[in-house]
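Student: First the structure, then my questions, so here it is.
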């Protein structure tokens, strides 16, 4: 996905240079035309659909932006209100079956979200240690982490937990 996306960006820049117009509208038009060109090239070579993958990535970005804003509001509310409503906890979160790249993406997404931090990974690479500010019940915190992992796998890596478990067996 990286190489087609970079090619699409290059086509966008080429479009903008040829038109001598650096406006946002022209950039969006160039990106859309570049996406169509990349899509046709990928389909011709039998490598799959680029535009649907691009939309999936945008879907994950919107989901991540939602949880990012929600977490920021939670932390801001904690700061401006009196008292202490945090229930911090260290969580061992299993990531067996994920590739190192997928684990890195997941750990970075967790760390970027206020109130959570990927603290460490064990030597075997199958367990993340996560600090969460609001984790009174481990099951609730794990459920949120599972949702993030599942959306990341589905929308960015185009795989699922079920498929990962099949390859482990």
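A short reminder: the numbers here are calculations on the coordinates, not readings from a lab. Everything numeric here is computed off the predicted structure, so don't read it as measured data. When we count neighbours, we look across all protein chains shown, and the Cβ atoms used for this are built from the backbone with ideal geometry, even at glycine.
Student: Using only Cα atoms, locate the centre of segment 55-69 and the centre of segment 83-117, then give the distance between them in Å, rounded to an integer.
Tutor: Spelled out, the Cα-based centre of one part sits 17 Å from the other.
Student: Once both labels are modelled 7 Å past Cα along the beta-carbon direction, what's the residue 137-residue 119 spacing in nm?
Tutor: 2.3
Student: Further question: How much length would be gained if the chain were fully extended between residue 47 and residue 68, taking 0.36 nm per residue of separation minus their Cα-Cα distance, in nm to one decimal?
Tutor: Difference between extended and current length: 4.3 nm.
Student: For residue 129 and residue 150, calculate 0.36 nm times their separation in residues minus their Cα-Cα distance, and state this gained length in nm to one decimal.
Tutor: 5.7 nm
Student: Still on this model: Could you state the angle between the C-alpha long axis of helix 2-19 and the longest principal axis of the C-alpha atoms of the chain, as a value from 0 to 90 degrees rounded to the nearest 10?
Tutor: The angle comes out at about 50 degrees.
Student: Using alpha-carbon pairs under 8 Å, 6+ residues apart, how would you state the relative contact order of the chain in percent?
Tutor: 19
Student: Starting from the Kirkwood radius over alpha-carbon pairs of the chain, derive D by Stokes-Einstein at 10 °C in a medium of 1.306 mPa s and give it in µm² s⁻¹.
Tutor: It diffuses with D of about 86 µm²/s by this estimate.
Student: Now for a separate question. Evaluate the distance, in nm, between pseudo-label points positioned 7 Å from the Cα of residue 76 and of residue 3 along their respective Cα→Cβ axes.
Tutor: Here the answer is 4.3 nm between the modelled labels.
Student: Now for a different question. Rounded to the nearest 10 degrees, what's the angle between the helix 138-151 long axis and the longest principal axis of the chain, both from Cα atoms, 0 to 90?
Tutor: Once rounded, one gets 10 degrees.
Student: With a 10 Å radius around each residue's Cβ, average the other Cβ atoms per peptide and rank 121-133, 19-31, highest first.
Tutor: 121-133, 19-31
Student: Along the Cα→Cβ direction, 7 angstrom out, place labels at residue 58 and residue 13. What is the inter-label distance in nm?
Tutor: Modelled inter-label distance: 2.2 nm.
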